[in-house]
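Take a look at the structure set out below.
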Amino acid sequence: MKILVVNELFEEKHLNLIKTAASSYGAQVSFFKKEAEIPQSDYDADIIYGFAPSIVNTSKKLKWLCVPWAGVDSIMKPNYFANEKCLLTNSAGAYGVSIAEHMIAVSLMMMRRLNEFFAETMNGKWLYPRPQKSLKDCRITVLGTGDIGTNFAKRAKAFEPKIITGVCRSGKSKETVYDKVLGIGDLDKILPETDLLAMSLPGTPETKGILSRQRISLLPNGAYIVNVGRGSAIDEDALADNLESGHLAGAALDVFQTEPLPTGNRLWKTKNLLITPHVAGNLTLAYTKDKNVQMFLEDLKNFMEEKPLKYLVDKKLGY
């Protein structure tokens, strides 16, 4: 059994954990920082933990690909896997803490207008108080109630919002943090009652363009939007128009339809828009890296013992 780990961000302790686990199963493990470093002799790997599309696209021997990120829409393409039976797992569950903290941070930044104060103080100007808003008594709608959305909801709950409504495909959630949970079919009904729309949807055909121009218009005047899921979920021109007109008080985007966001794109200069370059998650927190490796090792045990993988991705659903 041959395992390839392709990641430049893991620390020595993580590599040692993987090495110890692989050894206990009698497996051979090789570590690479980048795909370009992998020799042709290792293209016959059974398991890849990381990013190595050239092997995934060509090797019929590959049995399991574990990607160290949550979204898998970029690899949900026809004929991406040379071995169509290759199992796919992701690391959804490792990024909830990091991304939820980002969502809280940008929500407060917009509602307390900290971005405006910061910009002016950088220019040596002392601004006097101006009207602000609060997460307290805020009507929050969480569009996407998975690990990320729920971690955000749990943290937002501490600010005493008026209500936290979850919206998801099934219309159900076991999490008690939500005051109510609705199906996607009820999205149009809840948007007019939403002060802060927090989006953390996966990239699937069903979520593409879900926040259309018409749906943005359903939000009340002065509403805010945070999107950390996929840029394809939002009509970006409609969003920009509604920010410029003042219908929306603010939006914070960490994801975009095209990444990196092209130079000259109107979003760069759109009023009341906070832009971050897809950095809400990533393997930047110690907790995230530890959790990521822990999840891989958990499923490595399952794989070696021929048990179902816990973090298996449904290729038909895309998550």
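Any read-out appearing in this document is the output of simple, stated calculations on the displayed coordinates, not a laboratory observation. Since we're looking at a predicted model, the values are computed, not measured. Note that we place each Cβ from the backbone using ideal geometry, even for glycine, and neighbour counts take in every protein chain shown.
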Cα axis of helix 236-245 to longest principal axis of the chain: angle in degrees, 0 to 90, nearest 10?
20 degrees
Relative contact order for the chain, counting Cα pairs under 8 Å that sit 6 or more residues apart, in percent
15 percent
Tabulate in residue order the Karplus-calculated ³J(HN,Hα) for the stretch 198-209, using 6.51 cos²θ - 1.76 cosθ + 1.60 with θ = phi - 60°, rounded to whole Hz; enter x for Gly and Pro.
9, 10, 9, 8, x, x, 9, x, 6, 8, 5, x
Fully extended, how many nm does the chain gain between K208 and N57 (0.36 nm per residue separation, minus their Cα-Cα distance)?
51.8 nm
Cα pairs beyond 19 Å in the stretch 23-73, in percent, come to 25 percent
Normalised alpha carbon radius of gyration of the stretch 91-196 [divisor 2.2 N^0.38 Å]:
1.22
Go ahead and run the numbers for FRET between S245 and S74, Cβ-Cβ distance against an R0 of 45 Å, rounding to 0.05.
0.85
Using the Kirkwood formula on alpha carbons, the hydrodynamic radius of the chain in angstrom works out to 21.2 Å
Note to self, the chain gives a 222 nm [θ] from helices alone (DSSP H runs n ≥ 4, -39500 (n - 2.57) apiece, / all residues, nearest 500) of -8500 deg cm²/dmol
Packing-ranked peptide list from 116-124, 86-94, highest mean Cβ count within 10 angstrom first, is 86-94, 116-124
If r is the Cβ-Cβ distance from K269 to A158 and R0 is 30 Å, what FRET efficiency results, to the nearest 0.05?
0.30
Taking 0.36 nm per residue of separation between D44 and E298 and subtracting their Cα-Cα distance, the length gained on full extension comes to 89.1 nm
Fully extended contour minus Cα-Cα distance, from T284 to S23, at 0.36 nm per residue:
91.2 nm
Taking a cut-off of 22 Å, what percent of all Cα-Cα pairs in the stretch 15-141 are separated by more than that?
58 percent
Plugging the Kirkwood radius over Cα pairs into Stokes-Einstein for the stretch 188-270, at a temperature of 20 °C and a viscosity of 1.002 mPa s, what D comes out in µm²/s?
167 µm²/s
Please list the three semi-axes, largest first and in whole Å, of the ellipsoid equivalent to the stretch 84-129, using sqrt of 5 times the eigenvalues of its alpha carbon gyration tensor.
41, 11, 7
Eligible lysines near K60 by straight Cα distance, threshold 26 Å, same-chain separation 8 or greater
K2, K19, K33, K34, K77, K85, K301, K307, K310, K315, K316
